[in-house]
Every structure is written in structure tokens, then in C-alpha cells.
Amino acid sequence: MKNTTISVKKFQSYGILLLALLFCGSVNAKVENYLGAYAQLGDWSLIPTQSSYSTSFGVAGSVGGVYELQAGPALKPTRFLFDLGLGMTGGMTAYSQSSDVRMVLANQKDLQGEPFDYVYEMQDRQDSYNSIALHLPIMFGVQHKYFYMLAGFKFYYHVWTKTRSTALLNTYGEFEAFDEFRNMPEYQFFSNKSIKNGVKTQLGTGFDVDFSFEIGGRIGSVYDAIGFDVPDSKIEYRLAAFLDYGLVDIHKRSNQVALTLPEKYDIDPASPAYVYNGTSMVDNLVMNDIMSTTNFASKVNNLMVGLKFTVLFQMPEHKNCVLCGDSYQSLVRHSPRTRMHYDE
């Protein structure tokens, strides 16, 4: 029992000491508030996992506004940072597949009633995505003298996304009694025919959460005005490298396949769908954007890397007067205010 009482007293003593330290720290802490703006430019990619498609980096940019709170011990060069912002991101990225995709309309009949398989072979397919998203960053970090870093999360909502698909198409007929029929447009057999399709789509549910990290430094000189009640605002400029990596799978799965084929082969000139030089079989072919297909990838994650420039304006803060006499205020009112170099 005696040992228990001693332990409780020690715990209480440590608790009181911790509260005292926290109180002293809060009394001596210097808190500053900033409003600012930022711009980002970098490479954007949607990384597929377990996919036959290769991804390439495209360009992306962001602009936005930010509120930042800086807090730290008075007269010390180290600050703890909290950032809250709102911005817009726009970018373009692409997937490509160099291997051929082969699909077949089986058991078709030509005009003479001969059975054959109508074959589609697609080569050099590329799907490019253009997207505009709103993002909300919530970041925490530390600043020491001229260097700083931030880490946190960015919450994205993709408000507009459009995809453009392009490929080369070969179509031919596989007959049991004849050789393959190729490069015969009058029979709907084409060689290296360019096809394309563009549609509006969506990345997953539209929502994404990214882990975000940036590291960099302040640039230029830092100045602080000497005032008597409200000092002039201090301006900070920053340049940093950043990385955003998506934590949410934004693959919008559906039952679609890469190509939706026409229901049957038809080259009858009497058919309303038939056009001489043979375009009806290709016109009725639908290229589905690859992100909406079932077998594209097991998951897809967002990735963006680049450079970020930020400018911060310190919000005015009221300080206690040191000399507030009317005669002194009158004297100061007619004297020029000077600016002094401020180096943390």
C-alpha cells in the first residue's frame, strides 16, 4: 500500500510538472497567421497494378489559396506549421498497349453464304485522360530558419474527366475453304485503319485521398517592419519539391471490354447501314475507355511529383505599446518608418 501511495504521488508530481511546462511553453510561444497562394507544376500519372498497359507521365498543374498557422518558442528560429487550403488541379496522362488485341465475330456468312470468322486486330492503342479536380490539402510540418517540410493529406474530387482513345485496326476474314481475306475495303476488310473515340468518363467514384509531402526552403530576404501598434505584414516566398500519392483505388470497374463489336457482319449494299468503301463495320465498333473495363488492372493509384511555389502574407497582429504618450506619438507620426532586416 505504501509503495502504491508513493507511485500515485510521483505520477501526480510528474503530471503537475508536465502541465507547468506546457503552460510555460504556451506563454512563451509566438503564434503567427498567414494567408497566401501557391502554384504547382509537375508530372502526373495513374499507376495501374497487374496490367498489360504501360503508363506514361503527363503534365499537371495546380493553383490555390492557403491559410497557414506558425507557432513556436518566441525568439527561436523553429516554427511548427499547420496548413489548410483549397485549390484546383488540371492535367493529362496516358496509357498505351503495344501488344495486339484480337477479337472475333464467329460463324458469319458472306454474300455467297460461305461461313467465316470476322477478325478484329487492334494495335498501338493509347488512352489519354484529361481531368480537372478540386483539392483540399490539410498539412502539418516544421520550419527551421530557411528550410521547411510539410506532410499530410489532400482530398480530391474530380469534377470533369474526358478520355480519348486511338488505335490502328486490321480486320480480315478467316475462311475454312480459302486463305484469309485481307485489305479488301469493299468487303469490310481493312489494313492499318486509324480509329478513335472520345467520351466523358469518371475516375472511380470521383473522390480520391492522397498522401502529400513537400520539402523546400524560403527564398529571398525576409523583412519585418518596425511599428508601434500594428506592424506591416511580413512576406514569405517558398520553393519546394512535392509528391502526392493516391491511397484510393480509382479504377471504375464495369462489365465492359476494350472493344464492343457489332452484332453481325453485313456488307449487303441494300442495307441502310452500308456505305461504299466500307465503313459500317468500323463505325459500329465502340472503343471503351480502358479505365472503365473490368480486366484493365487490379487497382489504379494517383501519382503526382513536381515543384511548388508559395507566397505567404502575414496577417496583421496587434502588439502592446511601449511608449504611448501623445507627444511621442505625434513625433513618430511625422517621422519616416524604417524597415530593418529580420533574420531568424
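Quick rundown of the values:
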{"quantity": "Members of region 163-212 that are small (Gly, Ala, Ser) and within 30 Å of GLY113 (Cβ to Cβ)", "calculated": "GLY173, ALA177, SER191"}
{"quantity": "Residue that is nearest to SER96 (Cα to Cα), among those in region 173-191 that are in a strand (DSSP E or B) and touching a Gly at 6+ places or on another chain (Cβ under 8 Å)", "calculated": "PHE189"}
{"quantity": "Residues (closer than 30 Å to ASN107 by Cβ and touching a Phe, Trp or Tyr at 6+ places or on another chain (Cβ under 6 Å)) located in region 130-173", "calculated": "THR171, TYR172, GLY173"}
{"quantity": "Pairs with Cβ under 9 Å, 6+ apart, first in region 230-242 and over 24 Å from ALA151 (Cα atoms) and acidic (Asp, Glu), second modelled with pLDDT of 85 or more and in a strand (DSSP E or B)", "calculated": "ASP232/GLN314"}
{"quantity": "Subset of region 294-311 [at pLDDT 85 or above and either of a type in the set (A, V, I, L, M) or out of contact with any Phe, Trp or Tyr (no Cβ under 8 Å at 6 or more places or on another chain) (or both)]", "calculated": "ALA297, SER298, LYS299, VAL300, LEU303, MET304, VAL305, LEU307, VAL311"}
{"quantity": "Check on GLY64, at pLDDT 95 or above, part of a strand (DSSP E or B), within 19 Å of TYR157 (Cα to Cα) and in contact with a strand residue (DSSP E or B) (Cβ under 8 Å, 6 or more places away or on another chain)", "calculated": "yes"}
{"quantity": "Subset tally (residues that are at pLDDT 90 or above and either touching a Phe, Trp or Tyr at 6+ places or on another chain (Cβ under 6 Å) or not in a strand (DSSP E or B) (or both)) for region 109-129", "calculated": "4"}
{"quantity": "Failed condition for LYS109, given (1) farther than 30 Å from GLU236 by Cα; (2) surrounded by 14 or more Cβ atoms within 10 Å (Cβ to Cβ)", "calculated": "(2)"}
{"quantity": "Single unsatisfied condition, ASN170 versus (1) buried (at least 19 other Cβ atoms within 10 Å of the Cβ); (2) assigned to a strand (DSSP E or B)", "calculated": "(1)"}
{"quantity": "Test: GLU263 is in contact with a strand residue (DSSP E or B) (Cβ under 9 Å, 6 or more places away or on another chain), surrounded by fewer than 11 Cβ atoms within 10 Å (Cβ to Cβ), assigned to a loop (DSSP other than H, G, I, E, B) and at pLDDT below 90", "calculated": "yes"}
{"quantity": "Criterion (within 20 Å of the chain's Cα centre (by Cα), surrounded by 18 or more Cβ atoms within 10 Å (Cβ to Cβ) and farther than 22 Å from LYS162 by Cβ) met by exactly one of GLY91, GLY72, GLY42, GLY85", "calculated": "GLY85"}
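The values are calculated or read from the model by the stated rules, or taken from the named source; none is laboratory data. Note that this is a predicted model, so its numbers are computed, not measured. When we count neighbours, we look across all protein chains shown, and the Cβ atoms used for this are built from the backbone with ideal geometry, even at glycine.
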